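> The structure is given below, and queries will be raised subsequently.
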Amino acid sequence: MEVVESGDYHAMTRKGEEVFEEGLCIPDHAGLFAEFSRTEMESGNIRYVLYSFDGEVGGGQVYLILEQGSGKIVEFNYFEATYE
């Protein structure tokens with residue numbers, strides 16, 4: 001959470017890969033990630049957007065997908081794009 005609050009995209013991607021290993025569970029994800037944007041997916045998973053930016057030259061996002069009921073980590077991912 002400290003890394004996310006820092007706004008450092010690259011630190012978030014590194015720390016997220018270390019912490020959010022596929023298969024681990026976050027049982028209280030609804031409370032823990034309450035302040036983050038979330039999308040309920042058709043697959044029964046929840047996608048939390050931990051960080052998102054959109055500027056004149058590019059954008060990016062860091063997100064975490066969990067099984068809604070169990071909190072099992074399905075995917076941690078991120079992307080960064082440059083606009084031309």
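The values are calculated or read from the model by the stated rules, or taken from the named source; none is laboratory data. It should be emphasised that the depicted structure is a prediction, and the values quoted were computed from it without experimental measurement. With ideal geometry, Cβ positions are generated from the backbone for all residues, glycine too; neighbour counts draw on all protein chains shown.
> Given the criteria surrounded by 12 or more Cβ atoms within 10 Å (Cβ to Cβ), within 13 Å of the chain's Cα centre (by Cα), more than 24 Å from residue 6 (Cβ to Cβ) and in contact (Cβ under 8 Å) with a residue 12 or more places away in the chain, does residue 74 qualify?
yes
> Further question: If only one of 49, 3, 57, 62 is under 25 Å from residue 82 (Cβ atoms), at pLDDT below 90 and within 13 Å of the chain's Cα centre (by Cα), which one is it?
Among 49, 3, 57, 62, only 3 is under 25 Å from residue 82 (Cβ atoms), at pLDDT below 90 and within 13 Å of the chain's Cα centre (by Cα).
> Which of the residues belonging to region 17-30 are under 16 Å from residue 69 (Cβ atoms) and without any contact (Cβ under 8 Å) to a residue 24 or more places away in the chain?
30
> Within region 1-57, take every residue that is polar (S, T, N, Q) and either assigned to a strand (DSSP E or B) or in contact with a Lys or Arg (Cβ under 6 Å, 6 or more places away or on another chain) (or both) and give me the one that is surrounded by the most Cβ atoms within 10 Å (Cβ to Cβ).
My answer is 45.
> OK, next. Could you check region 31-46 and list, in sequence order, the residues that are free of Cβ contacts under 8 Å to residues at least 24 places away in the same chain and over 13 Å from the mean Cα position of the chain (by Cα)?
31, 42, 43 - these are the residues of region 31-46 that are free of Cβ contacts under 8 Å to residues at least 24 places away in the same chain and over 13 Å from the mean Cα position of the chain (by Cα).
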